[in-house]
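The values are calculated or read from the model by the stated rules, or taken from the named source; none is laboratory data. This one's a predicted model, so the numbers in the text were calculated from it and none came from an experiment. Here the Cβ positions follow ideal geometry from the backbone for every residue, glycine too, while neighbour counts run over all protein chains shown. In case anyone asks, the SASA skips ligands and DNA or RNA and just uses the protein heavy atoms, side chains included. Shrake-Rupley method; radii C 1.70, N 1.55, O 1.52, S 1.80 Å.
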Amino acid sequence: MGFLGILIVNAILTILLVIAGLFLLFLILFIVFSILSAKDKESKWKKVAKIVSGILTMILFVPILGSILLINSSRYQIVKYNDKTYRYKNELIEDFHKSVDSCDITQLNKYLEKYPALVYTYPKFSNYYALGHSINNKDLNCVKYFVEERKVDVNRVSNTDTVGPMDALVEEYDPTIMNYLLDQNIDVNKEVDYYTMTDLINSFTSDDYIDLDDINVMTKLIEKGFDLNVKYNNKTIKDIVNDSQYDDIINIESLRSVINSH
């Protein structure tokens, strides 16, 4: 996400520099042809000066218009929900997500009764929808609220296609929430890559001990169709878990046994 942000900023700066360069070039040309038309009364210089003036005006007008449109569009977020399109102000979205963070069910009900599509909005500095934030907050009550009461799609946790439910679950690992969502038939292979699998094993081993909850989660993942053989960065999850860096983790052989036996 950070890399993408840098690319966007650099692209904007490049465009602004190009516009500034063009403006300066045509400003110089306008001055030159204006001087020529003042000294030489032939109409050709006046025509050229008018053309350059028009181009100069366009160079000024286009970025100004673009900036106005960009500023106006950035105040809103477009959301698709139940085959309809909604437009919500960012202020409303930010307030809604504050209620998500605090899991204020009463307040959430008020928002969603009036603006149901808010469940698929995301606040500033994040691409996670309400369910994704609840997973990140390790708030089981709020996760259940969105899944059971608001019937959100458990596989839509972010507005970014490269982020699936497994990414959200391993980012802030909680075996209880992971077990719950596995029972909701999440797509355990959606957008899973090498980093997701590495983060999963690192989540299991973060306390230097593999406990029964971790084993149960891995077992359930396999039962739900978690692909143990797909390769990312030329490694499978079997390759990752069998890496010697995990040799000192207590009970690591139990986890390896579950994975290697399939």
Not counting ligands, DNA or RNA, and with a 1.4 Å probe, what is H262's accessible surface area in Å² rounded to the nearest 10? 110
For region 124-262, what % of the accessible area comes from carbon and sulfur atoms, probe 1.4 Å? 41
Scan around S158 for amide H atoms under 5 Å from its own, H built in the peptide plane at 1.01 Å from N, and keep only partners 5 or more places away or cross-chain. Y129
So, in Å, what gap is there between the alpha-carbon centers of region 142-208 and region 87-132? 19
Ranked packing of 172-183, 233-244, most packed first, by mean Cβ within 10 Å: 172-183, 233-244
